[in-house]
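The block underneath contains the structure these notes are about, expressed in structure tokens.
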Amino acid sequence: MSSVLHPVGPERRATYWRRRLVAVLLLVLLGVAAALGVRALLPEASSQQAVARLDPDRVSPTLGAGTPSAEAAAATASPSATAPTSSAPERVEPCTRDALEVALTSEATAYGPGVTPRFVLTVRNASETTCSAEIGSGMRSFAVLDASGEQVWSSADCQSSTSSQDYELEPGDSRSMRTTWSRQRSAAGCPDGQPVAEAGTYTVQGSWNDVAAEPLTVTLTG
């Protein structure tokens, strides 16, 4: 202890004290430098924490799959991987002939003088499956025959429209097509000046896409 407070040696006492003071100053400077180095590292760590708070799903390149940020990123990506894809609507197949019923009706069974006969052809889906059918003036035909079986009128002779459209028919659904008969006779090419049909009983025929309906009978009374 005495050698510390009272240095002994060939040098002057002041020399020993200066050396000790220099050593103490060096130790102090080293301590300050070490403290500054530790503080210099603190902002980077704080910056990384701030980034983590702003973007909790951001995965650092040094994070592993088991870290909270990696798990959050995996949860964020999972909904897009399982998102459902849209599919095209199912195509409805055309009706087969066996699936359809074709029926012919008349507004009356007897038509008096000056009354125009009106006929209706109906196509009905009799199957248990939805299907499509082309309905329109281009798909139906009507004809009137006299008592001898001679054709006196046909809707095809003077038909001005041949339009049609596809319709989806659910089981039991139907579509109807109508026509009127002017009570005049007709011929191919629709020539003018055809005579009026005489009073009597006539057979009416109707068909859709060459599928014939059950014929019916009407009477012209004058």
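Read-outs: derived from the displayed coordinates by stated rules, not from any lab. Because the structure is a prediction, the values reported are computed rather than measured. All Cβ positions, even for glycine, are placed from backbone atoms using ideal geometry, and neighbour counts span all protein chains on display.
Taking amide H positions as placed 1.01 Å from N in the peptide plane, with prolines and chain starts having none, which residues 5 or more places from Ala213, or on another chain, fall under 5 Å of its amide H?
Close amide H contacts, sequence-distant or interchain: Gly206, Ser207, Trp208.
Based only on other Cβ atoms within 10 Å, what is the fewest-to-most ordering of Leu104, Leu145, Leu27? All intermediate terms of the calculation are to be shown ahead of the outcome.
On the way: Leu104 20, Leu145 16, Leu27 10.
The most exposed by this proxy come first: Leu27, Leu145, Leu104.
Would you mind ranking Val196, Val211, Val204 so that the residue whose beta carbon has the fewest other beta carbons within 10 Å leads the list?
The most exposed by this proxy come first: Val196, Val211, Val204.
Rank-order 152-160, 170-178 by packing density, defined as the average count of other C-beta atoms within 10 Å over each peptide's residues, highest first. Let's see the in-between values first.
Values: 152-160: 16.7, 170-178: 14.4.
Answer by packing, highest mean first, reads 152-160, 170-178.
Using only the Cα atoms of segment 97-220, build the gyration tensor, take square roots of its eigenvalues as a ≥ b ≥ c, and label the shape rounded, prolate or oblate: rounded if a/c is under 1.5, else prolate if a/b is larger than b/c, else oblate.
Prolate shape, in that a/c is at least 1.5 and a/b is the bigger ratio.
Taking amide H atoms as placed 1.01 Å from N in the peptide plane, list the residues 5 or more away in sequence, or in a different chain, whose amide H sits under 5 Å from that of Leu100.
The answer is Ala126.
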